[in-house]
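Here's the structure we're looking at; comments come further down.
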Amino acid sequence: MNNCENYRFIERYRPYRDLTFKFYSNGSLTIIDNTAEEVITPRELKGESYDFYVRKRLAYIRQDLSAKLQKFA
């Protein structure tokens, strides 16, 4: 089973992108530009949207490591 956590992020500065981040339990990621209705890569992120992505990715990694430590400890 592959769970997914969805986060919506709207940039406060130009280009004011409306983004949806989908973090899957297997570690994969999909970023959707809701205005253009297209999938973008993390390399296309800048500024506050990139910071948001990094914070959420690190939180996911910490959560995953904690779960694995408890499982195998």
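The values are calculated or read from the model by the stated rules, or taken from the named source; none is laboratory data. Because the structure is predicted, anything quoted here is derived from the model rather than measured. No Cβ is skipped: glycine too gets one built from the backbone with ideal geometry, and neighbour counts run over all protein chains shown. Just so you know, the surface numbers come from the protein's heavy atoms only, side chains and all, with ligands and any DNA or RNA stripped out. Shrake-Rupley method; radii C 1.70, N 1.55, O 1.52, S 1.80 Å.
Would you mind telling me the share, in percent, of accessible area of the chain contributed by carbon and sulfur at probe 1.4 angstrom?
52 percent
Roughly how many Å² is the accessible area per residue of the chain, as a whole number, for a 1.4 Å probe?
Details: 5680 Å² over 73 residues.
The answer is 78 Å² per residue.
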Rounded to whole angstroms and listed largest first, the alpha-carbon spread of the chain along its three principal axes comes to 47, 24, 17
Calculated FRET efficiency, residue 39 and residue 67, Cβ-Cβ r, R0 30 Å, to nearest 0.05?
-> 0.60
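Restricting to lysines 8 or more places apart or on different chains, can you count the pairs in the chain with Cα atoms under 21 Å from each other? Walk me through the intermediate numbers first.
On the way: 22/46; 22/56; 46/56; 56/68.
Count of close lysine pairs: 4.
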Mean ellipticity per residue at 222 nm, deg cm²/dmol - from DSSP H runs of n ≥ 4 across the chain, formula -39500 (n - 2.57) | -12500 deg cm²/dmol
